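Written out below as structure tokens is the structure these notes cover.
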Amino acid sequence: MTLLHEQPSERYASLVRGTAFGTWLVKLAFEPVQRLAVLPDELFAPPGPLAWLPAATQHALIGETSLCALRILGALACLACLFERGARTLGLPAFLLIYMHESVVRGYGHTNHAEIPALLAVLICAAGATFRVPGKYPEPLAVALVLLLTYTLTAAHRIAYGGLQLFLSDSIVYWSVHRAHFVDSWQLGLGEHALSWPWFARLLQVSFPVVTLCELVAPLALISRRLRLVIVPGILGFHVGVLVIMNILFWQNAILLVVLFLVPDPVALRKGNV
Amino acid sequence: LRLVLEVILIACVLGVFALRASVRAWLAATSRPFLVVCAILLAGLVAGHLSRNRGKAFPFVYWYMYTQPETAEVIEHLHITAITTRGERFELNGAHVFPSLGLGTFRLYSRLLGVAYDPLVADKPDARALLRGIALGYERLHPERRLGSIALEMVTTPYTKARYERRVIAAVELP
């Protein structure tokens, strides 16, 4: 068994760093976070360190100008971090700006789990560039491990607390139908048909435990090529599935998975480790 | 017991991973400060999850998704309905007004569900304030379509896919 991304090339590590910062660059450039300024201040409940700030500071932070500034500075920092030298000097500030952006958005809604591995990937790439040992590029493996661990945590909790009862019930059909009914960004909503297509409901019920098992052992995809052939399609299939069925898209996770598992590293290819 | 089972499952997966000789070789070859950062992140993820942290230690949060068995005879979901000053009635897609909250996520509806189901606040002032904000956001995007009113409706659909019913949770007449 060989370890995936054990000794990645500089070019591949640059690709992973570019993906980590690039997804946030796209998000900050195209998502108009400043529109949140029209929402009532009293509904703003920021998480973690942002909640410790005085109310006046919090209020100033969620103004339209501040959010615009946060967006522009964050995007510029991410742009600089696409390059090794930029990541070394601006990696931490970029992470802090993205963290602040995410805290503001989180303050108006619930945790968006899809964005957390991408957020941590930025910090890992910044640390990798800052503490670089010449010729060593440990970021791809560390990003992959953090990303895959989040699937393990989700699956372990589901198995321990949902138990057999969860997988034998038709809860997954209920969730699929329920989520498909909401008017949301994506209007694919295939889940609505789970009530009228019995084969589709059966497919959902069968795939639920299979995907959960893939999620549970996800980090082992890094050490076993055979498991990788099952786990990666299982998890990517799950992401496509929840998009077309429930209108939920973990796009940052999906992009990281594609880059980390489907884009070959030329050095690893030569060693036969892909 | 469930927590113990959860910890065992996580420990087994991480243990199998960490005990590989290739992983230990990678650890030995990697710079210490970088490993410290990674160790903090991994420990934070596991600790934040096991402590069921929902926000205090963000981004180290509770990873709960589709965990509790759930079935019902009816499906309840929220719709935002708006009526323009010209009398046109339409479903307002909040995710399009606030992509930061809605792009492929459940954020806006989670907040709406929170205010809609809050049993302590019968007249839903938070829901009305949120609706006013959504209306303002919409009018800024579509200045040609002024809104006369906006309402948050609970749509109840029997699980057998029969007719649905609508119930207004909160409504706001706009100036």
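A quick yes/no check of all residues on (1) among the acidic types (Asp, Glu); (2) in a strand (DSSP E or B); (3) facing chain A (nearest Cβ under 7 Å):
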residue	(1), (2), (3)
B:43	no, no, no
B:59	no, no, yes
B:72	no, no, yes
B:76	yes, yes, no
B:110	no, no, yes
Of (1) within 7 Å of chain B (Cβ to nearest Cβ); (2) in contact (Cβ under 8 Å) with a residue 40 or more places away in the chain, residue A:116 fails just (2)
Filtering the range A:87-143 down to residues that are within 17 Å of the chain's Cα centre (by Cα) and of a type in the set (Phe, Trp, Tyr) yields A:95, A:99
Checked the range B:1-26 for anything surrounded by fewer than 17 Cβ atoms within 10 Å (Cβ to Cβ) and either part of a loop (DSSP other than H, G, I, E, B) or at positive phi (or both); matches are B:1, B:19
The helices (runs of 4 or more DSSP H) lying entirely within the range A:164-274 that contain at least 3 residues which are more than 25 Å from residue B:71 (Cβ to Cβ) are A:225-246, A:251-261, A:266-271
Only one of (1) surrounded by fewer than 21 Cβ atoms within 10 Å (Cβ to Cβ); (2) in contact with an Asp or Glu (Cβ under 8 Å, 6 or more places away or on another chain) does not apply to residue A:151, and that is (1)
If you go through A:16, A:26, the only one that is among the β-branched types (Val, Ile, Thr), buried (at least 18 other Cβ atoms within 10 Å of the Cβ) and assigned to a helix (DSSP H, G or I) is A:16
Going through the range B:78-101 in order, the residues found to be outside any loop (DSSP other than H, G, I, E, B), touching a Phe, Trp or Tyr at 6+ places or on another chain (Cβ under 7 Å) and in contact (Cβ under 8 Å) with a residue 24 or more places away in the chain are B:78, B:82, B:97
Out of (1) in contact with a Cys (Cβ under 7 Å, 6 or more places away or on another chain); (2) surrounded by fewer than 21 Cβ atoms within 10 Å (Cβ to Cβ), the one residue A:235 does not meet is (2)
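Any read-out appearing in this document is the output of simple, stated calculations on the displayed coordinates, not a laboratory observation. A quick note: this is a predicted structure, and the numbers were derived from the prediction, not measured. For neighbour counting, all protein chains shown are included, and Cβ atoms are generated from backbone atoms with ideal geometry for every residue, glycine included.
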